[in-house]
1. Tell me, please, whether a residue that is over 25 Å from the mean Cα position of the chain (by Cα), open to solvent by 30 Å² or more (accessible area, probe 1.4 Å), among the polar types (S, T, N, Q) and at pLDDT below 90 can be found in the stretch A:294-313.
2. Quickly run through the stretch A:386-400 and pick out the residues that are open to solvent by less than 60 Å² (accessible area, probe 1.4 Å) and either under 8 Å from A:Gly540 (Cβ atoms) or charged (D, E, K, R) (or both).
3. Go through (1) in a loop (DSSP other than H, G, I, E, B); (2) modelled with pLDDT of 90 or more for A:Pro624 and report which single condition fails.
4. Being more than 18 Å from A:Ile352 (Cα to Cα), at the interface with chain B (Cβ under 8 Å from one of its Cβ atoms) and not aliphatic (A, V, I, L, M) is the filter here; which residues of the stretch A:479-509 pass it?
5. Any chance you could count how many residues in the stretch A:29-57 are within 32 Å of the chain's Cα centre (by Cα) and either β-branched (Val, Ile, Thr) or more than 30 Å from A:Val420 (Cβ to Cβ) (or both)?
6. Condition first: over 13 Å from B:Gly138 (Cβ atoms) and within 16 Å of ligand 2 (Cβ to nearest atom). Now tell me which residues in the stretch B:150-162 satisfy that.
7. Does the stretch A:595-614 contain at least one residue that is modelled with pLDDT of 75 or more, within 14 Å of another protein chain (Cβ to nearest Cβ) and open to solvent by less than 40 Å² (accessible area, probe 1.4 Å)?
8. Going residue by residue through the stretch A:126-145, is there one that turns out to be part of a helix (DSSP H, G or I) and free of Cβ contacts under 8 Å to residues at least 60 places away in the same chain?
Amino acid sequence: MKLVLLFALLGLGTGALIAGIALGVVLTYRGSGIINLATGAVAMVAGYAFWSLKTGFFGFQLGTLPALAITLVVATGVGALMEVGAFRPLRTASPLAKLAASLGILLTAQAAMLLGFGTTVKAAPPILPSSAVAVVGLTVPVDRFILAGAVIVIAVGLAALYRWSRFGLATRAASENEVAAMLVGLSPNQLSMVNTLLASLVAGLMGVLAASLVQLNSTTLPLQIVPALAAALFARFTSFGIACAAGLLIGIAQSLMYYASTQSWFPTDQGNPLPGIQQLLVFLIIIIAMFWRGASLPGRGELVERRLPSVPLPERLLRSAVIAGVVCVVALIVFPYDFRQALITSLIGAIIVMSFVVITGYVGQISVVQLALSGVAGFTLSHLVTDAGIGFPLGPIIAVAVTTLLGVLVAVSALRVRGVSLAVVTLAAALAMEQFIFVNSTWGGGSGGSPAPSPHLFGVNLGPTASFRGLDGDQPSAVFGFLVLAVTLALGVYVANLRRTSLGRRMIAVRANERAAAAAGVHVRNVKLIAFGLSSFVAGVAGTLYAYNFGSISATRFSALTALGLIAFAYIGGITMVSGAVLAGLISTEALFPHAFDKWFGISGNWALLVGGLALIITLRVHPEGIAGANYQRKQRRRAAGRGSRLKAWSSRWRAEEPTATSEVKP
Amino acid sequence: MTGGERRILHTDGVSVSFGGVRALVDVDLDVHESQLVGLIGPNGAGKTTFIDAITGFVRCRGHIELDGHDLSSLPPHARAQLGLARTWQSIELFDDLTVRENLAVASHRQSVWAAVRETVSRPLASTTAMDETLALLGLEPLAEVLAIELSQANRKLVGVARALAAGPRLLCLDEPAAGLDSRERAELGRRLRSVVDAGTPTLLVDHDMGLVLSVCDHVVVLDFGKVIAHGPPSAVRRDSKVITAYLGSAAAELTDPSLESADEESRAGASEEP
Ligand SMILES: Nc1ncnc2c1ncn2[C@@H]1O[C@H](COP(=O)(O)OP(=O)(O)O)[C@@H](O)[C@H]1O
Ligand SMILES: [Mg+2]
């Protein structure tokens, strides 16, 4: 019993970090209506900055206080950059565009830390006293209490600031009604800036203070945003007190979960305690928060043009498919092995992005969990072969069917959740699936991955090890490339053509306005379920190909961070078009473009991520339709010249009412 | 005037309250075949709430019947599929679809299986019904234009056309004339008349009496959620309760409502001279 209490108290450390990030999330939301996924990344940047200053990474060493001061200046600077570079220009953009912008910041910050400090985990210098205090006979490090105390003081301070200061009143007024606030002379831009700076300061401070407990890790620290979002959901993105308390409690719960995993009764996976319990816990907490506090976020009376990227009709679809097919066949044969591999990876990337085209581009729902569904297909395929001896083609068929079903099940439970909330839930789900299922060595691949032997049909090897290997004769086989290419082309034509079908129109109607769609007789629920099913089907196909591609399958390929990166690439390419998905596939991790840059110029994949994050923000600002969409619009504008004159003639007829009469009067 | 004809919409004691606010109190309203029924009332009278109630977007008490079908317990899309079409006060077009596609979404009847099958089916060619609707509202030249590119007046018309495209048994229009200038209003009135004469009974909501009194067959007046008068335009126009409800600028307009539209037309003609 005493140990339970001890672990609960130890959990105050991470709890304080989560609470601090949650406070930052709430601040930004109240200030500008943005759910800032990069709040955890700010804590990470601050942690690394402090570490560098203290350990002399930049060639000089500072004492704790100056280092802390400079670190906080850096954190505030990051906040100012976010505000000026991304949030302010996107003030009137849709909530999803804002969310995507914060995703761009997260990816950029993470890639920057990876480039600057590498992947090894840094032990952050302790900043808090390392002494211990005795609590009812237990020895508890005093830093836990200091951390929890600090975050509580901050929360109380923020609540007081919001309640009694003119600034707090102004922010509350502006979030009620931005237009009215502007009329009485409040600048939403200034309010948003101050709130973002405060958020960065809080997240940065907690990042530095807590880093010595949780270690500096550029993969786990930015993802602390997920439990922080759970805490913020309990607070309805409004109450500082609740956000702080929920954050601390989540930290405690995670710590208790850790304690439980050391017990003999705890379920094990091949001798080790079951992995991913903490992520699963956070996911369940988010579900509870949504049910308890309502799935929709508090609305804001802001000036928003809720314009989403347009969804143009595909043109000359078959011609494009044939050209792309021929080019790829030639490339698969003549490319050296590494470029052949990169091309195949690009094609599979294009397929997984197509699943985003269906669900996000056509129906307007951001679902981060699609990549994890791919993973389900991949691991199912692998386990069907290794555990049940079911190979090609029945194995992948079952795997894809299971994935599609699972996707529909996810959709059934997420039907009432839409927009930004859906992104939050599916992010938590993706993280939980990654850690709980894929990392598990029985259900998933463990640390070494799970094998996926090459597919054979009638004794012919179709996998990467097949005998026809292109001109250079190295693996992977061009035959496997042809298989992937055929699947990519079929799905590409199918998804693009979907836009022209009646179902496609109804999807876009649902995306534009669920209410009006229902009034037009569209069964919104069914359309969403079918869209989730289709999208999961496509994701499942990609997952089986991923498994065959590397001959084995492991959790890292389907991680939540990879999923966020793919969504970024999808936006850059153009999330509403199949051509955008192809572009996204080409620029995604390990695909043709990054590989070429790496090979020819020695520019590593992390640079691609850094550039990708920045490109996402720029895309959202300059070309919300993505590269493919911008290209399409250029063509449209050229064509519009002719139509414009016809339109003008028609509108003058509407005015004149008697077109023939006017034309007779004229001469 | 059309008491003998078939009753398309029949509501009996429709009531809606929002918390403490009683937005509708026992509203009985009938629309008969080939009738254009106007529903008027000052702002906040409950007109929009009435349309929301019959189309299933707010919960209500009372009985609603469309062409003999009891609608009371059906969700909005099911009511739409039984032939109840509506527009909104703020126009809610599907911005990323062309005008024709906007109509095509509405003209579609579906089952789950049909929806699954359609994931692979060929695109729908333009149907004659859709072309007729476009022609009726004079929208053919705009058929391939994206909804987002339209002018305000045209967006209103496309909203009406989309509601019509399903071939509804009843058309409910919520303030289709709001935001239009007086010439566009008169033109809209003419188009609506031709829609009704072509066979679609219509419930027209407006807060301004001019349009409604000049084109409707039958007028119902709401105030504070209650029906305070109903009857042919000529009778409603003289009703003292109605004049009180509309006291102010509208009262002056009531003294000679026919003048406005006649005046409009002569001015329209005058501005045409080069
Ligand atoms: N969703 C709602 N919640 C609370 N009150 C509402 C809601 N919708 C309408 N009301 C109230 O119901 C009354 C009728 O509104 P409405 O039907 O919009 O009037 P009209 O369309 O005639 O101008 C008004 O007092 C309005 O404030
Ligand atoms: Mg109204």
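1. No, the conditions are met nowhere in the stretch A:294-313.
2. The answer is A:Ala399, A:Val400.
3. (2)
4. A:Arg500, A:Thr501, A:Ser502, A:Arg505, A:Arg506
5. Taking the stretch A:29-57 and keeping what is within 32 Å of the chain's Cα centre (by Cα), we get A:29-53, A:57.
Within this subset, residues satisfying the condition of being either β-branched (Val, Ile, Thr) or more than 30 Å from A:Val420 (Cβ to Cβ) (or both) are A:34-35, A:39, A:42, A:45, A:50-53, A:57.
Total satisfying the criteria: 10.
6. B:Gly159
7. Taking the stretch A:595-614 first, the residues modelled with pLDDT of 75 or more are A:595-614.
Now drop any that are not within 14 Å of another protein chain (Cβ to nearest Cβ), which leaves none.
No: the stretch A:595-614 contains no residue that is modelled with pLDDT of 75 or more, within 14 Å of another protein chain (Cβ to nearest Cβ) and open to solvent by less than 40 Å² (accessible area, probe 1.4 Å).
8. Yes, because at least one residue in the stretch A:126-145 is part of a helix (DSSP H, G or I) and free of Cβ contacts under 8 Å to residues at least 60 places away in the same chain.
The values are calculated or read from the model by the stated rules, or taken from the named source; none is laboratory data. Values in this document were obtained by computation on a predicted structure and should not be read as measured data. When we count neighbours, we look across all protein chains shown, and the Cβ atoms used for this are built from the backbone with ideal geometry, even at glycine. Protein only, heavy atoms only, side chains kept; ligands, DNA and RNA dropped before computing areas. Shrake-Rupley method; radii C 1.70, N 1.55, O 1.52, S 1.80 Å.
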